[in-house]
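Visitor: Can you read through this structure? Questions will come right after.
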Amino acid sequence: MTRLPAAVTSSLLVCATLVPGPGVAIADPLGLRASERSAAPVRASAPARASVSVVAHQRSPARAERPRCGLAGSRPPARAGRAPIAACPAPPAGTRTRPRTSRDRRAIRALRRVVSLPSETGLAQAVLARVLATPCQNTQLMPEAGNLELVRAAILCLINRERAANGEQPLKPNPKLEGAAEVHVRDMLAADYFEHVSPSGATPVDRARSAGYIPGPPAGYVIGENLAWGTLSLATPEAIVSAWIASPPHLANMLDGGYRDTGIAIDPQVPAALANVVPGATYAQEFGSIIR
């Protein structure tokens, strides 16, 4: 039986919706519409950071002039007619001196909590290490009606491992983006085409908006899409992801650090005009991130 190669195509669409503005279309190397941008810039707020402020205990000027017992380099003054007063003895080894005020104690406890928290970088590195240490299952499955969830999980695992190997955080499954991908796969099979823009003119952004993933203004968004079809052994998750990795536009979508969410759809069929009735599967992966 003749084996047909996997076919791949990609698109990247970006739009900021803070203020309506005219769009600009940019063509990618495949001649497809690759991005849309509004004239308004995206405003991104700086991430919140924990901070603790400790206020030093203040004494009145008159009291500040008086030497204190136990402070280094100072002794209580000797009174007239009396023997000099010795400095206070140092506390025994291993004992802890208590702060002078409850406010100081609260501030020190807060500082200890902040210091004990893992750093943001440390947490990110731990996530990457966990992704890389987790083997991907079912990567050689031929998609069928009864195993599509396993195939979807294998695709996501392979892509997240590739992201982790390049220092990017894993994508999270999003049911709305998955719904947008499923709509597009079904439409491509029904209308017998293989493009990012449907015959009716619907784009990946249109499908993500119809699925409810993109909110209204003033939120911005980043949307991308990878498509693929393959037959026989080239329809497995490993073969499809390998084809995407070998294609620079698809790899750019896969490794884009701006994406946070993803939705994957698989159908165990190929558009009739492409496969000539040879068994195979069609894939769509949507990428997204909402910018508020």
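The values are calculated or read from the model by the stated rules, or taken from the named source; none is laboratory data. Remember, it's a predicted structure, so these values are computed and weren't measured experimentally. Virtual Cβ from ideal backbone geometry, glycine too; neighbours counted across all protein chains shown. Side chains are part of the model used for accessible areas, which takes the heavy atoms of the whole protein and leaves out ligands, DNA and RNA. Shrake-Rupley method; radii C 1.70, N 1.55, O 1.52, S 1.80 Å.
Visitor: Every residue in region 145-160 that is open to solvent by 80 Å² or more (accessible area, probe 1.4 Å) and either at pLDDT 95 or above or more than 29 Å from A211 (Cα to Cα) (or both), please.
Guide: We begin by selecting, within region 145-160, every residue open to solvent by 80 Å² or more (accessible area, probe 1.4 Å); these are 145-146, 149-150.
Residues satisfying the conditions are E149, L150.
Visitor: Note down all Cβ pairs under 6 Å where the first residue falls in region 248-268 and is polar (S, T, N, Q), the second is in a loop (DSSP other than H, G, I, E, B), and they're at least six residues apart or on different chains.
Guide: Correct list of pairs: T262/L171.
Visitor: Could you check region 127-144 and list, in sequence order, the residues that are farther than 26 Å from P268 by Cα and surrounded by 11 or more Cβ atoms within 10 Å (Cβ to Cβ)?
Guide: Taking region 127-144 first, the residues farther than 26 Å from P268 by Cα are 127-134.
The answer is V127, L128, A129, R130, V131, L132, T134.
Visitor: E225: under 21 Å from D192 (Cβ atoms), of a type in the set (D, E, K, R) and touching a helix residue (DSSP H, G or I) at 6+ places or on another chain (Cβ under 8 Å), yes or no?
Guide: On the way: under 21 Å from D192 (Cβ atoms): yes; of a type in the set (D, E, K, R): yes; touching a helix residue (DSSP H, G or I) at 6+ places or on another chain (Cβ under 8 Å): yes.
So E225 fits the description; yes.
Visitor: Out of region 172-222, which residues are among the acidic types (D, E) and farther than 23 Å from I290 by Cα? Give the derivation first.
Guide: Narrowing region 172-222 to residues among the acidic types (D, E): 178, 182, 187, 192, 195, 206.
Answer for region 172-222, where residues must be among the acidic types (D, E) and farther than 23 Å from I290 by Cα: D187, D192, E195.
Visitor: Sticking with this one: Taking into account only those residues within region 257-292 that are under 21 Å from the mean Cα position of the chain (by Cα) and open to solvent by 50 Å² or more (accessible area, probe 1.4 Å), which is farthest from L177 (Cα to Cα)? Step through it out loud before you land on a result.
Guide: Keep residues of region 257-292 that are under 21 Å from the mean Cα position of the chain (by Cα), which gives 257-265, 284-292.
Within this subset, residues satisfying the condition of being open to solvent by 50 Å² or more (accessible area, probe 1.4 Å) are 260, 292.
Details: R260: 11, R292: 18 Å.
Checked region 257-292; the qualifying residue farthest from L177 (Cα to Cα) is R292.
Visitor: Taking the condition touching a strand residue (DSSP E or B) at 6+ places or on another chain (Cβ under 9 Å) and either farther than 15 Å from I159 by Cβ or crowded, with 22+ Cβ neighbours inside 10 Å (or both), does A239 pass? Talk me through it step by step, then tell me what you get.
Guide: Details: touching a strand residue (DSSP E or B) at 6+ places or on another chain (Cβ under 9 Å): yes; either farther than 15 Å from I159 by Cβ or crowded, with 22+ Cβ neighbours inside 10 Å (or both): no.
So A239 does not fit the description; no.
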